[in-house]
1. Translational D (Stokes-Einstein, µm²/s) of the range 151-310 at 20 °C and 1.002 mPa s when Rh comes from the Kirkwood sum over C-alpha pairs?
2. If I model a spin label as a point 7 Å beyond the Cα along the Cα-Cβ vector, how far apart are those points for ALA95 and ALA270 in nm?
3. Please give the residues of the range 200-218, grouped as numeric ranges, whose backbone N is less than 15 Å from a label point set 7 Å along the Cα-to-Cβ vector of ALA140.
4. Can you send over the carbon and sulfur percentage of the accessible area for the range 151-310, probe radius 1.4 Å, protein chains only?
5. Helix 274-283 versus the longest principal axis of the chain: what is the Cα-based angle in degrees, 0 to 90, to the nearest 10?
6. Which residue, chosen from ALA254, VAL300, ALA205, occupies the Cα position most advanced towards the positive end of the dipole of the range 151-310, where the dipole is computed from +1 (Lys, Arg) and -1 (Asp, Glu) charges on Cβ about the Cα centre?
7. Which whole-number value in Å² is the accessible area per residue of the chain, probe 1.4 Å?
8. From a point 7 Å beyond the Cα of GLN282 in the direction of its Cβ, which residues of the range 239-273 have a backbone N at a distance under 20 Å?
Amino acid sequence: MAEFDLIAALRARTRHARDDVRLGIGDDAALLQPAPGMQLVACTDTLNAGVHFPAATAPQAIGWKALAVNLSDLAAMGAEPAWALLALSLPQADAAFVEALADGLARLAAQHGVALVGGDTTRGPLSLTVTALGQIAAGAALLRSGAQVGDVVLVTGTLGDAAAGLEIAQRASQGGVDAHAAWLRQRLDYPAPRVAAGLALRGLATACIDLSDGLLADLGHLCAASGVGAEVELDALPLSPALRASVPIAQAQAWALGGGDDYELCFCVAPAQVDPALARVQAAGVAARVIGRIVATPGVRVRDAQGRDYAPVRRGYEHFA
């Protein structure tokens, strides 16, 4: 498959009509027209084979996840997704692989009205870098830096599923998996960016971050940006039925705290706004749960049911550690 045939295949499968795309794939750069009074929100993430996804991951899942992790960043800012660019490195341009990868990316893009407007292709180790662009009204963005002492900490969805899915993927050669294991693997391969929840939290959340590296690590980033600390209740962590049925509770809690790759939202609200926040997020199609509170003492502490400090073995994923 020649390079320009590869680009044509990507373009054919990811084209999404938007009136604000003045010029898309096919020129040296795209021409985009943001809506009046809106600010651009930009993010980028790289996924490398063997680091961000197991080498045997289906190409549809790779394409989906490459876009999903970026849409999750836009969700954490409360932004409406609009456009994306893809830089794709391939050891060889296999037509079936490229078409399936593009189909996975396109399926998620269509759900959120995202247009692929450009990018790059090159020979090399399997790697995808997506840059996603969104829009938000000036001054309305959710930031990491607004949490206040006394705020309540909440998370969407369930935590620890993707870490369990990764372990399942790593032992897949040992035999088949049951329904719980298959569901957990889906959570790893096809994360659901909480875009609607992020939009619903605008004007309500004091701070927000998406959970890519693990709850403790990412909540720690939010606290550092806000100049505060947090206390998390171990027994309040939302764990899926599939995770509870698959591993002992201690392992499930460890993955929920430090496993990473969940792409849920962790956000803070004033105590009086907890019920409105829960209602808005529920109306956006996902549950949320209170897991702790913001305190003055720096750092993130975990407390068990008896109020004792709980020291997890792992606090999150860190490249180059």
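1. So the translational diffusion coefficient is about 135 µm²/s.
2. Calculated label separation equals 6.1 nm.
3. Output list for this probe position: 200-205.
4. Details: 3270 of 6270 Å².
Roughly 52 percent, rounded to a whole number.
5. The angle comes out at about 30 degrees.
6. The one lying farthest along the dipole's positive direction is ALA205.
7. 45 Å²
8. Counting backbone N atoms under 20 Å from the label point, the list is 239-241, 265-273.
The values are calculated or read from the model by the stated rules, or taken from the named source; none is laboratory data. Owing to the predicted nature of the structure, the values given are computational and were not obtained by experimental measurement. For neighbour counting, all protein chains shown are included, and Cβ atoms are generated from backbone atoms with ideal geometry for every residue, glycine included. With ligands, DNA and RNA removed, areas are computed over all heavy atoms of the protein, side chains included. Shrake-Rupley method; radii C 1.70, N 1.55, O 1.52, S 1.80 Å.
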